[in-house]
Amino acid sequence: MSSPAVTISQRGVERVVSGHVWIYRADLLDANEAGPGAVVCVQDRKHHFWGQALYSSKSQIALRLLTRDERPFDGAFLAERIATAASLRRQVASEAQAYRLVSAEGDLLPSLIIDRYGPCFVIQTLTQGMDRLKPQIVEILEQTFPPRSILERNDVAVRGLEGLPEQKGTLAGESINEVEVEENGLRFVFDLMDGQKTGGYLDQRENRLAARPYSRGRALDCFCYTGGFALHLARQCDSVLGIDSSPEALLLAHRNQQLNGFTNLEWKEANCFDFLKAADQQKQRYDTIVVDPPAFARQKSQLEAAWRGYKELNLRALKILNPGGFLITCSCSHHVSEADLLAIIAEAALDAHRTVTVVERRTQSRDHPILLTVPETHYLKCLILRVL
Ligand code: SAH
């Protein structure tokens, strides 16, 4: 085989045996001649072959396993992996116009994100190795679909850990910044070039739909971004108020509202912590509340602060919910497990003197697959709770 070989320690071997796909720098004994981003053969001290991986010369995650097979990881192999990912989407997202076509480790394509928004594809290549494969990825997409436009949203801080620049722009096809697509029968404009993430939070698509049947009366969508949950609730509710700290997001939320002809929606630019506190002090009451904050624990060291943040938000939300009302509450920090989130809500419920039942325990949409032996791929939790 022509790929350079790298040698890992016994602890590295144990990681591979446990089914994980990341091997840390501390478990790398010898990178030999491997260049930044090379596809390498992974071996132990006794030259036993363990698989092929993307090598990073900078990141603490030195190796990301691509395959445990000896077949060379070439363009055809890459195309097959993308085709396998696409076949799952035909099964679980056949009705969706916007969905995640490739979800990195969850599709055995570590550090590669491909989001589809109708005719436009947005990619992120987050490691040296995946970044090197970018031209091949673009070519595969052009041959398979063909897209009207392929953009990159590589303007993300994690690329810094790899020594890669932050950049965004059109890679192929037309220069399209905005696209209008349908989600669950509603129209949404996505700003692919300047919006958050790749334009939208596609991982909540199924949860937005799931929230709808529980919603009624006076509703609040905390951390509403461009109105994803709020618009889903609008048909069922008398009124919906969406809160977000981003004025750009709220401009799009307003446009999305108009696009769908709703007149019972309002938007407010605010910090949700402050808003909820004031709402409680003013004795405001709601029948349906969505709480979908950004990740509070991006690292394990932030877990304690994250716990406090989630508790405060949920405590305040529970306090202002009418009896019989529903709270749809989420966490996208993979460090906060579902058990943690349930424990946080239990504390919050006791402090708020509310009796709460768990009606649904949900996770990210199925086009964001969870790789069983890589816990990091199970990051989103969404609980649907009823206050008695
Ligand atoms: N629910 C949305 C996604 C929310 S993402 C959807 O379904 O599309 C989290 C949002 O929280 C982002 O829009 C971000 O602008 C906003 N945000 C972050 N911190 C905030 C804060 N303290 N108060 C209000 N909004 C905040």
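The values are calculated or read from the model by the stated rules, or taken from the named source; none is laboratory data. What you are looking at is a predicted structure, and each value in this text was computed from that prediction instead of being measured. Neighbour counts run over all protein chains shown; Cβ positions are idealised from the backbone, glycine included. These area figures cover heavy atoms from the full protein model, side chains too; ligands, DNA and RNA do not enter into them. Shrake-Rupley method; radii C 1.70, N 1.55, O 1.52, S 1.80 Å.
Tally the residues that are β-branched (Val, Ile, Thr), out of contact with any Cys (no Cβ under 8 Å at 6 or more places or on another chain) and assigned to a strand (DSSP E or B), restricting the search to region 161-208.
Here the count works out to 3.
Of the conditions (1) open to solvent by less than 30 Å² (accessible area, probe 1.4 Å); (2) assigned to a strand (DSSP E or B), ARG64 fails just one. Which one is it?
Here ARG64 clears every test but (1).
Out of ASN322, ASN264, ASN271, I need the residue that is more than 14 Å from the ligand (Cβ to nearest atom), open to solvent by 30 Å² or more (accessible area, probe 1.4 Å) and more than 19 Å from ASP351 (Cβ to Cβ). Which one?
Unique residue meeting the criteria: ASN264.
Are any residues in region 209-245 within 7 Å of the ligand (Cβ to nearest atom), open to solvent by 20 Å² or more (accessible area, probe 1.4 Å) and not hydroxyl-bearing (Ser, Thr, Tyr), and if so, which ones?
Scanning region 209-245 gives a single hit, PHE223.
Within 17 Å of TYR379 (Cα to Cα), open to solvent by 10 Å² or more (accessible area, probe 1.4 Å) and at pLDDT 95 or above: does that describe GLU338?
Considered against the rule, which asks whether it is within 17 Å of TYR379 (Cα to Cα), open to solvent by 10 Å² or more (accessible area, probe 1.4 Å) and at pLDDT 95 or above, GLU338 comes out as yes.
Which condition does LEU251 not pass, out of (1) assigned to a loop (DSSP other than H, G, I, E, B); (2) within 15 Å of the ligand (Cβ to nearest atom), if it passes all the others?
(1)
Check region 161-174 and report whether any residue there is surrounded by fewer than 17 Cβ atoms within 10 Å (Cβ to Cβ), in contact (Cβ under 8 Å) with a residue 24 or more places away in the chain and within 16 Å of the ligand (Cβ to nearest atom).
The answer is no; no qualifying residue exists.
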